[in-house]
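Peer 1: Encoded as structure tokens, here's the structure I'll be asking about.
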Amino acid sequence: MELKLAKINEETEAKVISLDALLEDSVNGGFYYLDREIKEKDLQKLLKTLEDKKRKALVNRVAFGLDEKDFVYELHIV
């Protein structure tokens, strides 16, 4: 599964990370900000996969503006 990370600013390209790379990188936990283009279905699949690997995770929708499209997903892996 490929996950698209949120852009840091408008000039940069969004990075794509695989689920395996995410699991290796988050051995001691971590925060990741995912792009708004990720579907809810894929987020549920991600949470299920993390649960199967005995990892706890929480996903929040974080708004950073007044427009409905101004949000990212925050993934916290414990």
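Nothing in this text is a laboratory measurement; each read-out follows from the coordinates by a stated rule. In this text the structure is predicted, and so the values were computed from the model without any measurement. So basically every Cβ, Gly included, is an ideal-geometry build from the backbone, and we count neighbours across all protein chains shown.
Peer 1: Taking H placed 1.01 Å from N in the peptide plane, check which residues at least 5 places from residue 57 or on another chain put their amide H under 5 Å from its amide H.
Peer 2: Here 78 satisfy the definition.
Peer 1: Also, quick follow-up: Order 66-73, 40-47, 8-15 from most to least packed using the mean count of other Cβ atoms within 10 Å.
Peer 2: Order by mean packing, descending: 40-47, 66-73, 8-15.
Peer 1: Compute the angle between helix 40-52 and the longest alpha-carbon principal axis of the chain, please, reported from 0 to 90 degrees and rounded to the nearest 10.
Peer 2: Its long axis makes an angle of about 30 degrees.
Peer 1: Quick one: grab Rg to one decimal and Dmax as a whole number for the chain, Cα atoms only, in Å.
Peer 2: In order Rg, Dmax, the Cα atoms of the chain give 12.5, 37 Å.
Peer 1: Tabulate in residue order the Karplus-calculated ³J(HN,Hα) for the stretch 62-78, using 6.51 cos²θ - 1.76 cosθ + 1.60 with θ = phi - 60°, rounded to whole Hz; enter x for Gly and Pro.
Peer 2: In residue order, the calculated couplings are 10, 8, 10, x, 7, 6, 5, 8, 8, 8, 9, 9, 9, 10, 10, 9, 10 Hz.
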